[in-house]
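No lab work stands behind these numbers, since they all come straight from the coordinates. Values in this document were obtained by computation on a predicted structure and should not be read as measured data. Note that each Cβ is placed from the backbone with ideal geometry, even for glycine, and that neighbours are counted across all protein chains shown.
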Amino acid sequence: MMRITGLLAASVLALSTALVGGVVSADAQRFVTIGTGGVTGVYYPAGQNICRLVNAARDEHGMRCTAESTGGSVFNLNAIRAGEMDLGVVQSDWQHHAYHGTDLFAEDGANPELRALFSLHPEPFTVVVRADSGIQHFDDLKGKRVNIGNPGSGQRATAERLMAEYGWTTRDFSLTSELPSREQGQALCDNRIDAFFFVVGHPSAAIQEPIATCGARVVPVSGEIVSRLIAKTPYYFEATIPAGMYPGQSEDVKTFGVGATIVSSTHTTDEAVYQVVRAVFENFETFKTMHPAFTVLDKTLMPTQGLSVPLHEGAKRYYQEAGLLQ
């Protein structure tokens with residue numbers, strides 16, 4: 001009995017030592033959480049499918065992965081910084097701002113502990129309008145009822161950046177709502193708003209539903225002002241929503257966009273990150289079939305494209321072993 005008690009005490013002491021200062025040893029980290037976004041967007045299935053691949057090899061590495069629906073990019077970055085989540089799906093622009101302590105992260109300052117794992121799909125800034133709204137272009141939104149997105153979401157922050165470039169504020173709309181992505185399609189069809197913004201990979205169920213239900217349309221976001229914003233902002237680029245992506249969409253829709261990325265911090269162990277990256281890249285063809293937005297992914301570009309923060313050491317280790325990084 002004394003021997004058993006002694007072993008138990010030793011085990012508790014070892015675990016306590018591993019947890020001192022909030023640092024978890026590679027052997028002790030058995031759970032990984034991924035912050036995603038609204039359940040109707042692409043972030044949520046992205047996190048779910050990454051976890052599905054990680055959990056499929058649980059007998060090998062002993063780690064369980066869970067994906068949680070959240071408020072989006074900015075929320076995820078704040079949660080990672082606070083140690084409330086291990087990984088997050090975030091827009092490339094807000095990855096940049098969080099690391100450098102700019103824009104919405106200016107008050108809290110730079111987060112030098114932020115690290116990147118890989119990039120995912122492109123995310124065009126998408127404007128969806130009611131069929132009877134008379135809106136043909138982003139420029140026509142003045143005086144309309146517009147959902148700009150919930151605070152803490154990447155779509156809200158990107159919308160505000162574009163509005164600032166136009167010299168607009170929320171007072172330029174007759175009504176400004178802050179609905180999360182899961183509610184904006186229904187609000188459009190219920191005639192409570194005329195338009196909503198979404199930064200999302202395509203095709204998206206959140207866009208498909210109001211188009212199918214009430215004949216909503218996707219309109220262009222282009223022109224001199226948008227081109228100026230792209231020219232002076234390294235993480236924005238021209239984007240196209242191809243014709244035929246949605247019912248009734250007979251032409252390409254020009255807009256601009258960012259990219260989705262997976263990030264973490266130095267507080268997530270190298271081994272945990274290694275296993276997450278390994279699960280995705282060693283099952284890459286399967287991963288590409290898990291969502292239509294993933295079909296464009298190129299594994300040779302994902303370790304670098306759209307990443308403006310250092311790679312996590314666990315991710316770097318896998319890429320070097322796989323010959324994807326020198």
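A few remarks follow.
- Neighbour counting of Cβ atoms within 10 Å sorts the residues HIS61, HIS202, fewest neighbours leading, into HIS61, HIS202.
- Residue among LEU114, LEU311, LEU229 with the largest mean-square fluctuation in a Gaussian network model of the chain, springs linking Cα atoms under 10 Å: LEU229
- Ranking of ASP172, ASP108 by neighbouring Cβ atoms within 10 Å, starting from the fewest: ASP108, ASP172.
- Across the stretch 124-257, the mean sequence separation of Cα contacts (distance under 8 Å, 6 or more residues apart), normalised by length, yields a relative contact order of 34 percent.
- Computed over the chain with a Gaussian network model linking Cα atoms closer than 10 Å, the most mobile of SER222, SER174, SER204 is SER174.
- Helical segments meeting 27 Å axial Cα length and Kyte-Doolittle 1.0 threshold in the chain (DSSP H): none
- Note on the stretch 257-326: with charges restricted to the Cβ of Lys and Arg (+1) and Asp and Glu (-1), its dipole about the Cα centre is near 120 debye.
- FRET efficiency, ALA82 to SER250 (Cβ-Cβ, R0 51 Å, nearest 0.05): 0.65
- Of GLN91, GLN184, GLN136, the one that fluctuates the most in a GNM where the chain has Cα springs shorter than 10 Å: GLN136
- Relative to the current alpha-carbon distance between THR289 and ARG30, full extension at 0.36 nm per residue lengthens the span by 90.5 nm.
- Ordering CYS65, CYS214 by the number of other Cβ atoms within 10 Å of each residue's own Cβ, fewest first, gives CYS214, CYS65.
- Each other residue within a Cβ distance under 14 Å of THR233 adds +1 if Lys or Arg and -1 if Asp or Glu, for a net charge of -2.
- For the chain, averaging the sequence separation of C-alpha pairs within contact (under 8 Å, six or more residues apart) and dividing by the residue count gives a relative contact order of 24 percent.
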